[in-house]
2 protein chains.
Amino acid sequence: MSYSPPITEQRFVLDHVVDIADLSKAERFEAATPDMVDAILEGAGALASGEYAPLNRVGDTVGAKWTPDGVTMPDGFKAAYDAFVEGGWSTLAAPAEHGGQGLPFSLATVVMEDLGTANMGFSLVNMLNAGAIEAIVHHGSAEQHAAWLPRLVTGEWTGTMNLTEPQAGSDVGALRTTATPAGDGSWRISGTKIFITYGEHDLADNIVHLVLARTPDAPAGTKGISLFLVPKFRLNDAGEPAERNGVACLSIEHKLGIHASPTCVMGFGEGGECHGWLIGEEGGGMRAMFTMMNHARLNVGLQGVQIAERATQAAVDYARGRVQSARAGKPVAIVEHPDVRRMLIRMKALTQGARALVYYAAGQLDRATLGDAHARARAELLVPLAKAWGTDVGCEVASIGVQVHGGMGFVEETGAAQHYRDARIAPIYEGTNGIQAADLIGRKMSMNGGDVFRRLLDDIRAEGVPELAALSERVDVAARYLTGNEADADDRLAGSYPFLTMLSVLTAGWLMARQGKAVEAAEGDPAFLAMKRVAVRFFLERIVPEAEGLLAAATAGAAGLYAVDAEVLAA
Amino acid sequence: MSYSPPITEQRFVLDHVVDIADLSKAERFEAATPDMVDAILEGAGALASGEYAPLNRVGDTVGAKWTPDGVTMPDGFKAAYDAFVEGGWSTLAAPAEHGGQGLPFSLATVVMEDLGTANMGFSLVNMLNAGAIEAIVHHGSAEQHAAWLPRLVTGEWTGTMNLTEPQAGSDVGALRTTATPAGDGSWRISGTKIFITYGEHDLADNIVHLVLARTPDAPAGTKGISLFLVPKFRLNDAGEPAERNGVACLSIEHKLGIHASPTCVMGFGEGGECHGWLIGEEGGGMRAMFTMMNHARLNVGLQGVQIAERATQAAVDYARGRVQSARAGKPVAIVEHPDVRRMLIRMKALTQGARALVYYAAGQLDRATLGDAHARARAELLVPLAKAWGTDVGCEVASIGVQVHGGMGFVEETGAAQHYRDARIAPIYEGTNGIQAADLIGRKMSMNGGDVFRRLLDDIRAEGVPELAALSERVDVAARYLTGNEADADDRLAGSYPFLTMLSVLTAGWLMARQGKAVEAAEGDPAFLAMKRVAVRFFLERIVPEAEGLLAAATAGAAGLYAVDAEVLAA
């Protein structure tokens, strides 16, 4: 159940996929010196393995508990969270003017990976906080910055995002929570939100809810939505948490996994008046959401990497220790059997491929921060891939992890089953993977008249990787169909998911191939380099061809899906 | 959470895939008249939906409980089990001379499907009992038949299979439980078995354990293993359960799913002398196991169909009721969105494909019972496909089912998560899917010098289905590689799993195509026939091409898997 941070791998990907040395040449990221990068990788790994990982199982078995006075976390969580805050880990990527260290997001990604691999449910509190900070940085007033950011950035206070309501899931525009002006610059918030991650807990002195709500006479749909800041405790004149605000956690969900993460039903206007403050402009709620969407979705794609890494470590460990059956006449550990090796190396190759894709996209966002418009566009294109395919990889790898454990994998005490359960949320939240595929086809493929996609495909082809030739050709064919006149809107959506998978595997395959080339010139741990070679070969020779088989589904159109009415699906 | 038996579909597959009318022409199966088949489908569906399905959730949330006096089932299970026994459902496929109804196994398969779809964990007691009956019928003495079979056949007593020990999982030959002759024709059994399904419960008056053990001076490995009958209660002179035998359930596992099924650690020689009686010959234990293996593995493959059917029904129901977002400007249920349709029809197509494969193999076993040697060989070839691919389908479909439910799918109360958890055991037990792939490559492909496989491929090609041409060609290429001189034993095992998937999809695709042809000539419920057409098209046009992408992995060989030593996998 222990966690060993994959520091050599993380550093290799930062060097050869992100090119963090290049990023650190910019003044904005000059703090990211090689020594600093090493120190952060070592320190984050130590925090994650030392403080977060030992709590993973109690997080699952005990989990967050609801009481009328609030949600309590299992023993040990508060101390671990304090270690995170006191170590300054929360401040890495925030801008220096708000108390941050101004380091690249791609480097913060590594820290988030460590925390989530150690304890996925626990790490969600950090992930949500990063999103809230981002929204306030970009849309809050100077006064709001001063009041809220310092302690959100340190992690002394935590942030949440409140979008979903029972009738408004993927369709955010259907939400009904209201905000009414109080006449003093503040608003009164009323409504119920569901699926609010870390909406209530006992880790921090205040919780800052960012809430989407409708103002009076606002237009229907997404245009009528505004963003409000709703603290658990309102601040007194000294800026300290003082009076309890009228917001309460009404219950928490009984979930398949991530039991350490309280998933709250939040009542705004419960237990007194609920005061809120407008962030940005009235009607600008969705725009503020979109600001943080890239980072948030990449962070969820990263959860796929996290659970895949943890499941792989556990499976390799088990397979090396479990002696069963013989090779060449003598008993061996199951790691020596070909089909078990196939499973383990598949786990490693998929995990590394997903990590490369997420880190690469994070690096593109860093370049966007430096003003590179094309990098921003490429990141926008890659975000739905990283989120959807990354989380699909998490589920697949966790499932293989159970299989490697055999009967012991189905017994909860082993831990493999927890990864399988935890992994399953990631394809759902922060925009279901189906929504990601729709975003890819409906918005991202047509950015700059399709040029963003074309340039990615050109870069991949220019790399000259023979194993990618057939898949890139098929991606091209599918893209032409899906963006051409032959396909209508339904045809495009019908093919969107298989196409997303094809393009993800192609892009990850490209990044794996680049690592394969880097290995040949690299020095360092021979075991790591040998394993990287094996993973790259497996990815290119076995995983890439599988994705070729998706062309038919990507281009099959929608007619076959609508040949019967909905009620006939029950026949 | 309700279950609606797919009677029209079951009957259609029995008619057009199994050809049960042809089976019933034989005297052995003459009881299987069309009216009898209809009555059984109706009756089993009613029992399953009326008695078993309502207990599915309490089976999950309360589950089987261990006490020092034995294992207790949740309220309602005993009454439902009594209804099963009293309805005569246990006796369907047992031979008439032992109190059975002598009906085809393929028909009993439908009954087992219904019970398991309604309540997978509960139905395991029936599944294990069928295996124990089969072993005793084929290997027990006339005296043993008379003493044990009548009440096992009715289900008044239940049977178990005891193979696994902590050090002996897939490697059964490593077991250590001992049997020592007592001098009076009986034996004394001593040892510990794990993962014993329904090893202890309060549903029946006696439990008949079939236990693999070593006799004194037996050779090492599988040849030294014998099969023993070990009752919970020994019988008195009147043949009634009387004295408690020295066998006890020491604990039950805390599992990911199928909580209604107690998974027991069994102590033989606990609480007194443990009396056992040899079944068949000394050293014949593995042979007796192999007798029941085909039926047992098909029944586990069928569990994939069960969980897929239940998950699909739940997802269709949810998607028809959940209104979210709009099409053509007005709010619609999510079933109307293209990507949700893709998911739902994929669920239906995979479920139907797996059902066709399992039923077809069951029908081949029925023909084997009638003396058809080729049908027996074909069944032997298909069993690993049905077991492994069928259970993989169960997991995939259950996972899609969670996804269709969105955030609600991750909340346990909805039920989708239970299917996802329950499904995960089936690829593991009764021979892991990796063991199935090894069996396919190592034993089944070479049966009759490869003729059994060739004849299947010829039959598929002779059907003339254009959508199967490319996959059958690739299966052929892979088969030639995997059975040829180019590949060594490791290469074969390295490609075994992808090859199993390719051949499974090809065979299921063939059986789906045959149903597609039958639909054109069939009369009946137009909604059912329309849905069948849609599922057949989806399978042939979208699922079959995916399997084409597995050729590279099937023929990639083992060298890439052994390019690093085992310890490097942790790098």
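Computed quantities for the displayed model
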| item | result |
| --- | --- |
| Selection status of residue B:213, out of contact with any Phe, Trp or Tyr (no Cβ under 9 Å at 6 or more places or on another chain), surrounded by 17 or more Cβ atoms within 10 Å (Cβ to Cβ), touching a residue at least 60 places away in the same chain (Cβ under 8 Å) and closer than 19 Å to residue B:287 by Cβ | no |
| Residue A:86 over 20 Å from residue A:257 (Cα atoms) and exposed (fewer than 15 other Cβ atoms within 10 Å of the Cβ) | yes |
| Any hit, region B:431-442, residues being away from every other protein chain (no Cβ under 14 Å) and in contact with a helix residue (DSSP H, G or I) (Cβ under 7 Å, 6 or more places away or on another chain) | no |
| Those helices (runs of 4 or more DSSP H) lying entirely in region A:460-571 with at least 2 residues of a type in the set (Lys, Arg) | A:469-483, A:489-521, A:526-538 |
| Members of region B:128-149 found to be in a helix (DSSP H, G or I) and out of contact with any His (no Cβ under 9 Å at 6 or more places or on another chain), listed by number | B:128, B:129, B:135, B:138, B:139, B:142, B:143, B:144, B:146, B:147, B:148 |
| Options A:492, A:514; residue that is touching a residue at least 24 places away in the same chain (Cβ under 8 Å) and closer than 25 Å to residue B:544 by Cα | A:492 |
| Candidates A:522, A:535 - the one that is more than 11 Å from chain B (Cβ to nearest Cβ), touching a residue at least 40 places away in the same chain (Cβ under 8 Å) and within 19 Å of residue A:356 (Cβ to Cβ) | A:522 |
| Single unsatisfied condition, residue B:332 versus (1) part of a helix (DSSP H, G or I); (2) within 14 Å of another protein chain (Cβ to nearest Cβ); (3) closer than 30 Å to residue A:556 by Cα | (1) |
| Extreme residue, surrounded by the fewest Cβ atoms within 10 Å (Cβ to Cβ), among residues of region A:387-402 that are more than 7 Å from every other protein chain (Cβ to nearest Cβ) and small (Gly, Ala, Ser) | A:398 |
| Residue within region B:469-477 that is closer than 14 Å to residue B:382 by Cα, in contact (Cβ under 8 Å) with a residue 12 or more places away in the chain and under 27 Å from the mean Cα position of the chain (by Cα) present | no |
| Filter result for residue A:428 (part of a helix (DSSP H, G or I), under 30 Å from residue A:286 (Cβ atoms), aliphatic (A, V, I, L, M) and within 10 Å of chain B (Cβ to nearest Cβ)) | no |
| Matching entry among B:164, B:180 (being away from every other protein chain (no Cβ under 12 Å) and either surrounded by fewer than 16 Cβ atoms within 10 Å (Cβ to Cβ) or under 24 Å from the mean Cα position of the chain (by Cα) (or both)) | B:180 |
| The one condition in (1) within 14 Å of chain B (Cβ to nearest Cβ); (2) assigned to a helix (DSSP H, G or I); (3) among the polar types (S, T, N, Q) that residue A:325 fails to fulfil | (2) |
| Subset tally (residues that are within 14 Å of chain B (Cβ to nearest Cβ) and in contact (Cβ under 8 Å) with a residue 60 or more places away in the chain) for region A:335-386 | 10 |
| Conditions (1) within 20 Å of residue A:351 (Cβ to Cβ); (2) within 7 Å of chain A (Cβ to nearest Cβ); (3) surrounded by fewer than 19 Cβ atoms within 10 Å (Cβ to Cβ); number of the one not met by residue B:565 | (2) |
| Residue list for region B:1-23, filter: surrounded by 21 or more Cβ atoms within 10 Å (Cβ to Cβ) and in contact with an Asp or Glu (Cβ under 6 Å, 6 or more places away or on another chain) | B:5, B:23 |
| Subset of region B:243-259 (residues that are within 14 Å of another protein chain (Cβ to nearest Cβ), surrounded by fewer than 22 Cβ atoms within 10 Å (Cβ to Cβ) and hydrophobic (A, V, I, L, M, F, W, C)) | B:252 |
| The listed residue being over 30 Å from residue A:198 (Cα atoms) and in contact with a strand residue (DSSP E or B) (Cβ under 8 Å, 6 or more places away or on another chain), out of A:407, A:442, A:449 | A:407 |
| Neighbours by Cβ (under 6 Å, 6+ apart or cross-chain): first from region B:403-423, more than 7 Å from chain A (Cβ to nearest Cβ); second among the hydroxyl-bearing types (Ser, Thr, Tyr) and surrounded by fewer than 24 Cβ atoms within 10 Å (Cβ to Cβ) | B:405/B:318; B:405/B:414; B:408/B:414 |
| Restricting region A:51-75 to residues that are more than 20 Å from residue A:128 (Cα to Cα) and surrounded by 15 or more Cβ atoms within 10 Å (Cβ to Cβ), the residue that is farthest from the chain's Cα centre (by Cα) | A:62 |
| Scope region A:261-279; condition away from chain B (no Cβ under 14 Å) and out of contact with any Leu (no Cβ under 6 Å at 6 or more places or on another chain); matching residues | A:266, A:268, A:269, A:270, A:271, A:272, A:273, A:274, A:275, A:276, A:278 |
| Given (1) buried (at least 24 other Cβ atoms within 10 Å of the Cβ); (2) over 11 Å from the mean Cα position of the chain (by Cα), number of the condition residue B:358 does not satisfy | (2) |
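Since every read-out is calculated from the coordinates, none of them should be taken as a lab result. This is a predicted model, so every value here is computed, not measured. Ideal geometry is used to build each Cβ from the backbone, glycine not excepted, and the neighbour counts take in all protein chains shown.
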